[in-house]
Amino acid sequence: MYTTMGERIASARKSKSLSVSQLARRVGVKVATLNNWEADHTEPRANKLHSISGVLSVSVIWLLESTADGSSL
């Protein structure tokens with residue numbers, strides 16, 4: 001189970017076989033920004049959260065608060 005939003009973003013990104021730079025480009029942010037999200041230094045704004053969920057095919061709710069079984073992946 002992934003306990004933080006950053007861990008969930010990283011896990012979903014890896015399950016889609018995307019690099020940090022590929023996801024950053026698709027979401028429209030700098031690599032450093034995505035690295036900060038995955039490291040839980042900062043959190044994405046609502047519009048970027050929506051973009052991440054679309055690119056990674058996960059729900060915004062799963063990104064915000066993981067389900068017990070992680071089934072949204």
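The values are calculated or read from the model by the stated rules, or taken from the named source; none is laboratory data. None of these values were measured; they are calculated from a predicted model. Glycine gets a Cβ as well: all are built from the backbone with ideal geometry, and neighbour counts include every protein chain shown. Quick note on the areas: whole protein, heavy atoms, side chains included, nothing else; ligands and nucleic acids left out. Shrake-Rupley method; radii C 1.70, N 1.55, O 1.52, S 1.80 Å.
Observations, loosely collected:
- Picking from residues in the stretch 22-38 that are touching a residue at least 12 places away in the same chain (Cβ under 8 Å) and open to solvent by less than 50 Å² (accessible area, probe 1.4 Å), the one that is nearest to THR3 (Cα to Cα) is GLU38.
- Figure legend. Inter-residue proximity from the stretch 1-18: first residues in a loop (DSSP other than H, G, I, E, B), second residues at pLDDT 95 or above and surrounded by fewer than 16 Cβ atoms within 10 Å (Cβ to Cβ), beta-carbon distance below 6 Å, spacing 6+ or different chains. Indicated pairs: THR4/ASP40.
- Matching residues, the stretch 1-26, being charged (D, E, K, R), out of contact with any helix residue (DSSP H, G or I) (no Cβ under 7 Å at 6 or more places or on another chain) and within 14 Å of LEU63 (Cα to Cα): GLU7
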